[in-house]
Amino acid sequence: MNKKEYKISADKICGKTGFIADEIIYTGSYYKKENIRNVIFSGSYKNKPAVLKIYNDKRLTDEPLSLKYFNEKNKSKILMALELYDYKITSSRAGWLITERLPENGKFFKQSLLQKERKEFLNAYLEYRKYFPKKPHRALTLAEELRSDEFYIFRISRWLELAVISEEENYLENKIKILKPTEFIPRYRKALEIIKKEFKNRKMIWCHGHFKSHEIYRRSDSKYYLIDFTHTKMYPEGYELGFIIWADWLMGADWKWDYREWRKGIIEWIDEMKLINKELKLKRFDSLIRASLIERCLGTVLADVTASERPFKEKIERIKLLYKLMDELINKRI
């Protein structure tokens, strides 16, 4: 769907529900700007400030039900989610929901987080892990029934396909490719070996799937809203820790930095996570975070860089950083 189609859908939903739309306050895309997966309108519902989110994702999602389930089960006094006013699921990938609007006296965490902010963010993460439902509210998909290593191979194969298509399209247009087989394939094979070995006996866990700085809203009274339940599903144990570092640093830090400077942020994040693992109690933490980051590096190279619309120079420089990090992780130098 394009923006015009989202606006047409919004008008229909407003007519049926009584939601009064003001303006578009957010547009989410998937790797490329034209792949619009959701649009959020500010407005009011039954004389209360509210937002309308319409989604049409390429991935499976039942966001309204995931949000509703969390609100029903959540017992935390400091971590909450938006109240769900109305919703409709139109397919396994599309639908809409009307929720309360975030209060104005707060702000999101910003990437990349400062050391003090990291500690606060990770405290919020521990609160989330304590109170997030441990069991799913729906039947699992086939992919979620896989072992952790099989689940990762499934995801990586999809990202590889995205990169292959992007490379061929780019070559037809510009006679240039980003990934050199002699540099990428040996790292790809070693990464898969480590992922298969580490996650073969790791469990799958039910989780939010997108716990990052832009999804945690800090109120002025030191309470938090967890938003965006689009990605709630079963993921391999340790996935979220790698995801947090990916969102804050692999994607958030300045790609123009020298590797030694850029690398410091990775080390600092790993050290912070070792501290919270005293509460998480994940076994063989060092090998878990290593394999989780290798998986994130591989996904970043394939999908977030190669298959994206980033400028050519940025793609090349980001991949250089990621290759150096992968080499250190593969060879256990981190």
*Could you figure out which of (1) surrounded by 19 or more Cβ atoms within 10 Å (Cβ to Cβ); (2) more than 24 Å from the chain's Cα centre (by Cα) isn't true of Ile185?*
(1)
*From the list Lys32, Lys130, pick out the single residue that is in the same structural domain as Asp254 (by TED's automatic domain parsing) and closer than 24 Å to Asp248 by Cα.*
Lys130
*Here are Glu145, Glu240: which of them is touching a strand residue (DSSP E or B) at 6+ places or on another chain (Cβ under 9 Å), at pLDDT 95 or above and surrounded by fewer than 16 Cβ atoms within 10 Å (Cβ to Cβ)?*
Glu145
_Show me the helices (runs of 4 or more DSSP H) found entirely inside segment 250-334 where at least 3 residues are assigned by TED's automatic domain parsing to the domain that holds Lys212 and within 21 Å of Ala163 (Cβ to Cβ)._
285-299, 312-330
_Selection from segment 8-44 of residues that are more than 25 Å from Glu309 (Cα to Cα), of a type outside the set (A, V, I, L, M, F, W, C) and either in contact (Cβ under 8 Å) with a residue 12 or more places away in the chain or touching a Phe, Trp or Tyr at 6+ places or on another chain (Cβ under 8 Å) (or both)_ = Ser9, Thr17, Gly18, Asp22, Glu23, Ser42, Gly43, Ser44
_Search result, residues across segment 81-100 that are crowded, with 17+ Cβ neighbours inside 10 Å and in contact (Cβ under 8 Å) with a residue 24 or more places away in the chain_ = Ala81, Leu82, Tyr85, Asp86, Ala94, Gly95, Trp96, Leu97, Ile98, Thr99
*Go through segment 276-297 and give me each residue that's in contact with a Leu (Cβ under 8 Å, 6 or more places away or on another chain) and of a type in the set (A, V, I, L, M, F, W, C).*
Ile276, Leu280, Leu282, Leu288, Ile289, Leu293, Ile294, Cys297
*When you look at Ala307, is it within 18 Å of the chain's Cα centre (by Cα), within 29 Å of Lys33 (Cα to Cα) and surrounded by fewer than 20 Cβ atoms within 10 Å (Cβ to Cβ), yes or no?*
no
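The values are calculated or read from the model by the stated rules, or taken from the named source; none is laboratory data. Predicted model, so just to flag it, every value in this text is computed and none were measured. A quick note on method: Cβ atoms are made from the backbone with ideal geometry, for glycine too, and the neighbour counts reach across all protein chains shown.
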